[in-house]
Amino acid sequence: MKDKVALVTGSSRGIGRAIAQRLAKEGALVVINYAGNADSAASAVAEIEASGGAAFAVQGDVSSVGEIEKFYSKLDAELTKRTGSDRFDILVNNAGIGVLKGFEDTTEEDFDRVFAVNVKGAFFITQMALPRLRDGGRIINISSGVSRRPSDNFAAYCLTKAAIDNLTLLLVDKLGKRNITVNAIAPGYTATDINAELLKNPEFSEKVSSRTALGRIGRVEDIANVAAFLASEDAGWVTGQYIEASGGLNM
Ligand SMILES: NC(=O)c1ccc[n+]([C@@H]2O[C@H](COP(=O)([O-])OP(=O)(O)OC[C@H]3O[C@@H](n4cnc5c(N)ncnc54)[C@H](OP(=O)(O)O)[C@@H]3O)[C@@H](O)[C@H]2O)c1
C-alpha cells in the first residue's frame, strides 16, 4: 500500500487502531481520527511511527455535519502539506459507540446518540469523502454480527449496524463506476473498551466463547486482518460484500 493514504475513523483505540496499525504496516500513510481522546490518538501515531510507519492524527467528531466539515478542512490542509494533494485512497468507517440497553430501557437520547455516531457519522463522512477519494479506492464499513442477528443486550445499536449494511449496498453500484469497492466487515464480540463492561463478567465471556466455533473472544487483529485484505489490490474484484469475522459465533 505504498503511496496509498488511508483514513480510519475512530482509530485512537480498539478495532480502528488495529486497522490503522495494519494498514500502516502495509505501507499506507494513515490518518488517525478520534473524537476526544487526544492522548490515545497521539499514542496510536507514536506506535505506528515506532514500527517504521507513517501516520498523523486529526480530531473530528463524526456525529455532527458541522464537525465533519471542520474535520475535512483540517485533513485537507494536513494531507496537502504531507503529500501535495488532499486526495486519499482508503476510507474505513469504524467510529462507533454502543448503548448497553435492551429494547424497553432505551431512551430517545440513547437512540439519537447512537444513530448520530454510528449512522449519520458514516453517511456524511462518506458523502464528503467522495470528491476526495481516488478512483480505484476502497470503502470499508465496520458493521457487526448483530446487524443480521440482533441482540437485546444493545437494541438500538443493532439497528445502527443494519443501517450500515444498507449504506454499503447503496454505494456499491454508484462507486463501481469509479472502480471503488465498498464492503462491510461484521465483527463478533471483540475485546475492546466498547464491550469491556460485558466481557469482564466471566460468565458472559465464557458463554460467548462457548457459542463461538473457534472457542474464544475476538481480538482486534482478527478484524484488522480482514480490513487489510479488503483494502489490498487483491480484493479489487470484491465489492458489496458482508464479511463476518466472528470465529463462527452462534452458528
Ligand atoms: N468490539 C466489538 O465487539 C465490536 C463488534 C462489532 C462491531 N464493532 C464495531 O467496531 C467499531 C469500533 O469499535 P471498538 O470496539 O473498537 O470501540 P472502542 O474501543 O470503544 O473505540 C471507539 C473508537 O471510536 C471513536 N469514536 C467514538 N465516538 C466518535 C465520534 N463521535 N467521532 C469520532 N470518533 C469517535 C473513539 O475515539 P475516542 O478515543 O476519541 O473516544 C475510538 O477511537 C465500532 O463501529 C463498533 O460498533 C465492535
Degrees separating the helix 14-25 axis from the principal Cα axis of the chain, which is the longest one: 40 degrees
Top of Glu109, Glu47, Glu78 by mean-square fluctuation, Gaussian network on the chain, Cα under 10 Å: Glu109
Around Met1: net Lys/Arg minus Asp/Glu count, Cβ-Cβ under 11 Å: +1
Value of relative contact order over the chain, rounded to a whole percent, pairs C-alpha under 8 Å and six or more apart: 18 percent
Charge dipole (region 5-245, unit charges on Cβ, about Cα centre) - positive-most of Ile217, Ala55, Leu100: Ala55
Kirkwood Rh, Cα atoms: Rg over Rh of region 61-190: 1.01
Selection of trypsin sites (Lys or Arg not before Pro), region 177-208, meeting DSSP coil and at most 14 other Cβ within 10 Å: Lys177, Arg178, Lys200
Note, ³J(HN,Hα) from phi for region 95-101, Karplus 6.51, -1.76, 1.60, rounded to Hz, x at Gly and Pro: 3, x, 10, x, 10, 7, 9
Sequence-distant residues sharing a close amide H with Phe88 (under 5 Å, placed H): Leu133, Arg134
Antiparallel bridge percentage (DSSP; both residues within the chain; nearest 5): 5 percent
Positive minus negative residues near Lys120 (Lys, Arg vs Asp, Glu; Cβ under 13 Å): -2
Distant-in-sequence amide H partners of Gly10 (H built 1.01 Å from N, under 5 Å): Asn33, Tyr34, Ala95
Max mean-square fluctuation residue, GNM over the chain, Cα-Cα springs under 10 Å, options Ser12, Ser63, Ser51: Ser51
Cα pair distances in the chain, grouped into 10 Å bins until the bin that holds the longest one, percent each: 8, 33, 38, 18, 3, 0
Volume of the Cα convex hull of region 1-59, divided per residue and given in Å³: 55 Å³
Net charge contributed by nearby residues that have their C-beta within less than 15 Å of Ser209 (K/R +1, D/E -1): +2
Principal-axis tilt of helix 155-176 within the chain, Cα atoms, nearest 10 degrees: 40 degrees
Dipole magnitude of region 5-245, debye to nearest 20 (Cβ charges: Lys/Arg +1, Asp/Glu -1, about Cα centre): 580 debye
Members of Lys4/Lys101; Lys161/Lys207; Lys4/Lys161; Lys2/Lys70; Lys74/Lys101 lying beyond 30 Å, as alpha-carbon distances in this model show: Lys4/Lys101; Lys74/Lys101
Partner aspartates and glutamates for Lys174 [C-alpha distance under 19 Å; skip if fewer than 8 residues away on the same chain]: Asp89, Asp135, Asp165
Residue-by-residue Karplus 3J(HN,Hα) for region 206-221, coefficients 6.51, -1.76, 1.60, Hz, glycine and proline x: 5, 4, 4, 4, 6, 8, 9, 3, 8, x, 7, 7, x, 10, 4, 5
Per-residue [θ]222 nm for the chain (sum of -39500 (n - 2.57) over DSSP H runs n ≥ 4, rounded to 500): -13500 deg cm²/dmol
Assigned charges on the beta-carbon of Lys, Arg, Asp, Glu; region 104-212 dipole about Cα centre (debye): 880 debye
Estimated vicinal HN-Hα couplings, Hz - region 34-45 in sequence order (Karplus 6.51, -1.76, 1.60; Gly, Pro = x): 8, 8, x, 8, 4, 5, 5, 5, 5, 6, 5, 5
Projected label distance in nm at Lys81 and Ile97, using a 7 Å step from Cα toward the beta-carbon: 2.9 nm
Low-density loop cleavage sites - trypsin sites (Lys or Arg not before Pro) in region 91-156, where at most 14 other Cβ are within 10 Å (DSSP): Arg148
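Since every read-out is calculated from the coordinates, none of them should be taken as a lab result. What you see is a predicted model, and the numbers here were worked out from it, not measured in a lab. As a convention, Cβ positions derive from the backbone with ideal geometry for all residues, glycine included, and neighbour counts pool all protein chains shown.
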